[in-house]
Amino acid sequence: MSETETVKKYFKSRLSTDANWAVRGMLRIYSYQTPDEQATLATRNLNNMGFSGCDAEILSSFSEQVQRGRTLSPKQLSIVFKKMPRYWKQLWNAVGPDKAPAVVESAVKFLAV
């Protein structure tokens, strides 16, 4: 398996099962939404950053809820688990080259179990 395939599988697995990963990832992707996108809970700019048009409203709403200090309900979290794996590449790109080797090592260990 290539390094990219390993990281993809690792990120998708964590984003679909680990609440901490999923919520932190959602907040990171929300931060990529432009201010006008955040204000309208919609995707307006086709810049390959932030949520896709079909996810913008609900995931932006959940992100704002978390930022206000509220937790997600089990039903909301199941929606986040379903939707967040598609954003693995934006999150991988956010890791940065200094942390990339450690992430790859973690991915290999996680998938070896």
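The values are calculated or read from the model by the stated rules, or taken from the named source; none is laboratory data. All figures in this text were calculated on a predicted structure; none of them were measured in a lab. In this analysis, Cβ positions are derived from the backbone assuming ideal geometry, glycine residues included, and neighbour counts consider all displayed protein chains.
Report yes if S73 is within 13 Å of R14 (Cα to Cα) and either over 15 Å from the mean Cα position of the chain (by Cα) or among the small types (G, A, S) (or both), otherwise no.
Working: within 13 Å of R14 (Cα to Cα): no; either over 15 Å from the mean Cα position of the chain (by Cα) or among the small types (G, A, S) (or both): yes.
No; evaluated as a whole, the condition is false for this residue.
Among the aliphatic types (A, V, I, L, M), closer than 11 Å to G25 by Cα and either surrounded by 14 or more Cβ atoms within 10 Å (Cβ to Cβ) or modelled with pLDDT of 95 or more (or both): is that true of V80 in this structure? Give the derivation first.
Details: among the aliphatic types (A, V, I, L, M): yes; closer than 11 Å to G25 by Cα: yes; either surrounded by 14 or more Cβ atoms within 10 Å (Cβ to Cβ) or modelled with pLDDT of 95 or more (or both): yes.
Yes.
Do we find that A100 is under 14 Å from Y32 (Cβ atoms) and surrounded by 10 or more Cβ atoms within 10 Å (Cβ to Cβ) in this structure?
Spelling it out, it is not the case that A100 is under 14 Å from Y32 (Cβ atoms) and surrounded by 10 or more Cβ atoms within 10 Å (Cβ to Cβ).
Pick out the one residue from A56, A42 that is within 15 Å of the chain's Cα centre (by Cα) and touching a residue at least 12 places away in the same chain (Cβ under 8 Å).
Only one candidate qualifies: A56.
Which of (1) surrounded by 17 or more Cβ atoms within 10 Å (Cβ to Cβ); (2) within 29 Å of V108 (Cα to Cα); (3) at pLDDT 95 or above; (4) of a type in the set (A, V, I, L, M) is the odd one out, the single condition V7 does not satisfy?
Exception for V7: condition (3).
State which residue pairs qualify: first residue within 18 Å of R28 (Cβ to Cβ) and inside the stretch 62-75, second residue assigned to a loop (DSSP other than H, G, I, E, B) in any location, beta carbons under 8 Å apart, and separation of 6 or more residues or different chains.
What qualifies is F62/L72; Q65/L72; V66/L72.
Pull up the stretch 18-65, narrow it to residues that are β-branched (V, I, T) and buried (at least 18 other Cβ atoms within 10 Å of the Cβ), then point me to the one that is modelled with the highest pLDDT.
Keep residues of the stretch 18-65 that are β-branched (V, I, T), which gives 23, 29, 34, 40, 43, 58.
Pick out the ones that are also buried (at least 18 other Cβ atoms within 10 Å of the Cβ) and you get 23, 29, 43.
Numbers: V23: 97, I29: 94, T43: 79.
The residue in question is V23.
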